1. Average partner chain C-beta neighbours within 10 Å, per residue of A:131-142?
2. Could you check which residue among A:54, A:145, A:310 shows the biggest mean-square fluctuation in a GNM of chain A with a 10 Å Cα cutoff?
3. Anything in chain A that counts as a DSSP H helix reaching 24 Å or more along its axis (C-alpha) with Kyte-Doolittle mean of at least -1.0? List them, would you?
4. Which residue, B:288, B:172, A:159, has the largest displacement toward the positive end of the dipole of the protein assembly as shown when charges sit on each Cβ (Lys, Arg +1; Asp, Glu -1)?
5. Can you tell me the order of B:230-240, A:154-164, A:197-207, A:326-336 when each peptide is scored by its average per-residue count of other Cβ atoms within 10 angstrom, highest first?
6. Roughly how many whole Å is it from the C-alpha centroid of segment B:199-267 to that of segment B:98-154?
7. What is the distance in Å between the Cα centroid of segment A:262-319 and that of segment A:112-184?
8. Under 12 Å from the Cβ of residue A:311, count the other residues' Cβ atoms, weight Lys and Arg +1, Asp and Glu -1, and hand me the total.
Amino acid sequence: MIKEIYSKLPAKILDPIKSILRQVLLILLSIAITSILIWIMGYSPLAVFDGLSNGITKDFPGTLRWTTPLILSGLAIAVAFKTGAWNLGVDGQLYMGALAATAVSLGLSTLPGVLLFPITVLAGIIAGMLWALLAGILRTQYGANDLVSSLLLTYVAYHFSDYLIHGPLKSGAYGPAESSNIIPETVWLPKIIEGSSVTIGLIVAIVLAVVLYFLIFRTTLGYELKVVGSNLWFSRYGGIKVKAVYLKGMAISGAISGLIGVIEILGVHHRFPIRFSSGLGFDGIVVSLLASNNPLGVIISGLFFGALRNGSYNIERLTEIPRAMVIIVQAIIVLMVGMQVIIKFKKQKKDKQSSNDDQSKETEELNTFNTNGSEG
Amino acid sequence: MSGIIDADLFAALLRISTPVLLVAMGGLFSMRAKLFNFSIEGYMLVGCFFSILVVDKTGNLWFGLLGGAFAGLIFSIVYGFAVIHLKANAIIASVGMNLLGVGLTTFLLRPIFNTSGAYRPPNMEAFPVVNIPIIKDIPFIGDVISGHTPLVYFGLLLVIVCQLLMYKTPLGLAIQSVGDNPEAARTAGINPKKILWLTVLWGGFFSGLGGAHLATGYVTAFSQEMTAGRGFTAFTAIVFGAENPFLTFLATLVFGFADALGIRLEIQGFGLHPSLIKTFPFILAVLVLTISSAIRMRKMKSAKQIL
């Protein structure tokens, strides 16, 4: 019976279901490995599940609070990876966006909200975009590896933000924690759940995911981004301006990263607490990889990691089990996704030419990319 | 400026660049074999943690160093398995390893040391200092070169060893040929997998040692994410040095100089904020990366290969 239904379902419905099942399996395996470690260290082996169920059932608004930046950071990575831009500097771009938004809203606080709000948001987005473009331009102009430069620029952003919060943006009166002054109330994001930190930022994140889905899969620019990402040679011959398209991908990725900073400041903190991000930018890599860099998938995977992160905070408060267990789960997921990608390649290769052993591996991989490019 | 640039500054430069130097010497062989490996930041962090753990349990700094190095080695097995055997994407696997390093060490702080954030073993001692006879009496040079911990000299020795290993031994040539042309290497009877494994484990060991030195000889504590991008600067040094041990060493000195100068400026109250000074090594690293890439790109002429 089940088999009959299964065979009747068209591939369009079946394939996403299959891939979701595969990812769920991968998540469970990662949690299992982490749980063994947690158990060895003398804690309850069910801690991760406790955290998840706590995040979903007991404190759902808290989960949505974390889902917002995680979806955005997943999107920033998804766009970059689709373009073949190794933007590992989302965390730095996020800080630059947050800094710009904080500085502008504090500096122009006398402006009416109608003006101040768009200026603040725009400043944050542009700051994030420029920080990403810096790494991008260093690659297009000088051939500097964008992965390394975006990572190094992240550390520049960390220390630079420390400096601003200790120095020029230092709070006059606010409590013991180091932070900027509280930003004008006129730019605070409206809440969609009272008594929580869930703001319209969540809606923005979801809408953006849908928009990016259409951008990537339904527009010429999206097609160009993907082609540049999957095969540079192919796209050069196809008349696509590789550098320009690559920079567009980097700019979109950086703009989204800046937006994360804006939403965190305007929606959650209402000031710039020093080093507030706790790795949100790097979490985007896991979020996006788990969703196979698909913007719609990022919504689901963002929700999952939101629940995990939120639950881990609550569990740490209740039981002293370090919330770093979540980082271990994430790391194992990243490692497994990394391996799985290639298993897929291997299958494709076997389908096409079964006799060829692993001779001239690289060229074969290039061929796989080639066909992917022309299909997409 | 005379109070800022003196023998002490250069001595500090040698001291500060040693951990990064050890990590860079670890990572460069796998990079030479064209195995993109920036998981060295993760190995380094694991080395930091386990060296402090061993020192805490045994009270012996040398055991601590070894503990950190072997922890890095064991940790790198995961990476080797993922990338060499399961053909995982090296960049993604590196991201995963670095995350795993952060996750593991942050997590274990609580159950093992019953603390969070940072731990300093109560029985922590300082490494003995080596005073080199004759050299120590030469003005300036003596102050710069003599009077360091043994690890500093070990680092310098390692550069020479790596240089010889890379260019003068069959193993080094094998590593190069695996990087340049795996097919030709295989025809010549070299097993590329074996070579790649060797380079990965070597990277794990020396990155772990670099971390161990950072924790036991420099910071004398473990703190959460204490490597703070040092592994990435080591990685940049390798890229800058084009996997040549000696050039890579020079690059680590450049970063070390930025670090040492920053600390000096901070102590002397030069008016620059310490956080601003901490951006120096990273800005410098970006510049160095850009300049070396630009030179290489000009050499290759055809920009097609890069973009």
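1. Per residue, the number of nearby Cβ atoms from other chains is 3 on average.
2. It is A:145.
3. Qualifying helices, which must be both long enough and hydrophobic enough, are A:11-40, A:60-82, A:90-107, A:113-142, A:146-166, A:200-218, A:242-263, A:295-319, A:325-352.
4. About the Cα centre, the residue reaching furthest to the positive side is B:172.
5. B:230-240, A:326-336, A:154-164, A:197-207
6. 12
7. 19
8. Spelling it out: positives minus negatives among the neighbours equals +1.
No lab work stands behind these numbers, since they all come straight from the coordinates. A quick note: this is a predicted structure, and the numbers were derived from the prediction, not measured. No Cβ is skipped: glycine too gets one built from the backbone with ideal geometry, and neighbour counts run over all protein chains shown.
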